[in-house]
There are 2 protein chains.
Amino acid sequence: MAQLRFDISVSLDGFIAGPDPNTEQPLGAGGERLHEWAYELEAFRRMHGMAGGAVNRDSEVVEESTGNTGAFIMGRRMFGGGEGSWDESWRGWWGQDPPFHAPVFVLTHHPREPLVMAGGTKFTFVTDGIESALAEARSAAGDKDVAVAGGADVAQQYLAAGLLDEFQIHVSPVLLGAGTRLFGDDATDVQLEIERVVESSTVTHIRYRVVR
Amino acid sequence: MAQLRFDISVSLDGFIAGPDPNTEQPLGAGGERLHEWAYELEAFRRMHGMAGGAVNRDSEVVEESTGNTGAFIMGRRMFGGGEGSWDESWRGWWGQDPPFHAPVFVLTHHPREPLVMAGGTKFTFVTDGIESALAEARSAAGDKDVAVAGGADVAQQYLAAGLLDEFQIHVSPVLLGAGTRLFGDDATDVQLEIERVVESSTVTHIRYRVVR
C-alpha cells in the first residue's frame, strides 16, 4: 500500500524554521539556510520552473521523493491567506504554477471551492479533519504516496494519530538556536527504525520508519 | 595539532538527557534510550570493565574516539558531589575504576586536591576557567585529542569561545520531547562542515568540523 510520509529540512538543533517568521521571511530568521543544500539542484530548480542545476546524490533523493508522491496534505498556515475566513483572492504562496504539480489537500475550518493552478497543482480545502484529508489524498494519489507538505504541527498530528508510515529528514549543518521545532513534546512513545542514510557534503538525509 | 572535540549521543529531537534528571535517573526520563546503541558493543563494555560484546561499525566509531583521546574535560555537575563546597568523600559517579582511563579535568569553583582512581583515571580540579582547563588538558594529552566529556553547557562554552575543532553526534532514533538540549540559543553564527557520516541500523554518527 502507498505510504503516508513527509520530507523536511531541519537544523542540527531540531528546527524547521527560525524565530520570528513573518511575511517578509516566512521561514523565520536564518530559516532559508536550512534549504541551501537544495537550491542549486536540478531537481529542485525544475520543480520551481527553472532550468539547469546540479545532478548528484542530493538531487536523487529529491527526485525519488517527488517521483513517488501522488498527493500532498498541508496545514492552513502553510497555504496562507490569513487566520480568519478566506479572502478568495489568496491563491497560496507559490505563484500561478506551484511546485507541487499534484493534488494538494489543505486542512482548514473554512470551506472554499477547489482552486486549480497551472502545472497540475489543485488545492482542495478539507474541513472535516486529518483522517478525511488523508482518505481524499490517498484516493487522489492512486498507487503513489501521500506526503505531508507541512507545517510541523500537521506532521505531528499525523504522527501522534499513528497514521504516518515514514519520514525523511534532511539535516542541514546549521544551528538556528530557536524557532519552530519539528517534533513536539508528546511524541515520546513513538518507536522508530532507521531505514536509510544518504550522506553528502552539504546535508545528511535520514529516513525513519514508524513502528506500529 | 591535536583537536578539541566532543562525542555525544543525542535524540532525534535534539536532547542529550530527558526531563527531570535526578540521582535515580541522572539522564532524565527516557535518557537511557539515547545510549542503547552503545551498551552491547565490545568497545563500550571493555571501557566499563566488562567482557564480550558486539564488534561492528558502531564499535569502530567508539574505538576511534577513545583511541584518539588523551585527556577529558568535564563540568562540575557531570562529576557530581553537590553544588556547594566539596564533600571530599565524593569520588564521581563511576566507581573506583571510571571509564575514562586518562586524565580528566573538572571545571569547578571549589579547589580540591587531585583524585587518582584505578585504571588510569585521574581527576584534576581546575578553578580558573575553560581556557586554563584546556591548556592543562592539552599538556596532559600529548599528541592525542582533548575531549569534552560533558555536560552540554560545557560543550556550548567551548563552542561559543571558538575553541572547539570538531564534534561527533550519535543520533539515536528516539524522541524525548523535552530535556537538556545539546545546543543553546546563541550558537547561530557558528559555521559547520559535515566531515563524515557513518550509518548503522541503530544510530547515525555525524561528525562536524567547526569552520574558523
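Some points to look at:
- Considering segment A:92-114, the residues that are assigned to a loop (DSSP other than H, G, I, E, B) and either in contact with a strand residue (DSSP E or B) (Cβ under 6 Å, 6 or more places away or on another chain) or of a type in the set (Ser, Thr, Tyr) (or both) include one that is nearest to residue A:130 (Cα to Cα), namely A:108.
- Only one of A:188, A:202 that is without any contact (Cβ under 8 Å) to a residue 24 or more places away in the chain and hydroxyl-bearing (Ser, Thr, Tyr): A:188
- The sole residue among B:167, B:105 that is at pLDDT 95 or above, closer than 22 Å to residue B:28 by Cβ, buried (at least 21 other Cβ atoms within 10 Å of the Cβ) and under 14 Å from the mean Cα position of the chain (by Cα) is B:167.
- Being within 23 Å of residue A:156 (Cβ to Cβ) and either open to solvent by 70 Å² or more (accessible area, probe 1.4 Å) or of a type in the set (A, V, I, L, M) (or both) holds for only one residue in A:116, A:126, and it is A:126.
- Taking segment A:149-191 as the range and being of a type in the set (Asp, Glu), more than 11 Å from chain B (Cβ to nearest Cβ) and part of a loop (DSSP other than H, G, I, E, B) as the test, only A:165 passes.
- Taking segment A:28-58 as the range and being in a helix (DSSP H, G or I) and open to solvent by 80 Å² or more (accessible area, probe 1.4 Å) as the test, the residues that pass are A:32, A:36, A:46, A:57.
- Of the residues examined, residue B:199 is one that is within 7 Å of another protein chain (Cβ to nearest Cβ), acidic (Asp, Glu) and within 23 Å of residue B:31 (Cα to Cα).
- Verdict on residue B:126 being over 30 Å from residue A:174 (Cβ atoms) and among the β-branched types (Val, Ile, Thr): yes
- Flag set for residue A:194, criterion: open to solvent by 10 Å² or more (accessible area, probe 1.4 Å), assigned to a strand (DSSP E or B), touching a strand residue (DSSP E or B) at 6+ places or on another chain (Cβ under 8 Å) and at the interface with chain B (Cβ under 7 Å from one of its Cβ atoms).
- Hey, residue B:79 more than 21 Å from residue B:171 (Cα to Cα), in contact (Cβ under 8 Å) with a residue 40 or more places away in the chain, buried (at least 20 other Cβ atoms within 10 Å of the Cβ) and hydrophobic (A, V, I, L, M, F, W, C) or not: yes
- Taking the conditions (1) within 30 Å of residue B:8 (Cβ to Cβ); (2) modelled with pLDDT of 95 or more; (3) among the charged types (D, E, K, R) in turn, residue A:20 satisfies each one other than (2).
- Residue A:80 meets all of the listed conditions (1) at negative phi; (2) under 15 Å from the mean Cα position of the chain (by Cα); (3) of a type outside the set (A, V, I, L, M, F, W, C) but one, namely (1).
- Criterion (open to solvent by 30 Å² or more (accessible area, probe 1.4 Å) and in contact with a helix residue (DSSP H, G or I) (Cβ under 7 Å, 6 or more places away or on another chain)) met by exactly one of B:187, B:178, B:161: B:161
The values are calculated or read from the model by the stated rules, or taken from the named source; none is laboratory data. Small disclaimer: the values here were computed from a predicted structure and weren't measured. Heads up, the Cβs are rebuilt from the backbone with ideal geometry, glycines too, and the neighbour counts pull from every protein chain shown. Accessible surface areas use protein heavy atoms only, side chains included; no ligands, DNA or RNA. Shrake-Rupley method; radii C 1.70, N 1.55, O 1.52, S 1.80 Å.
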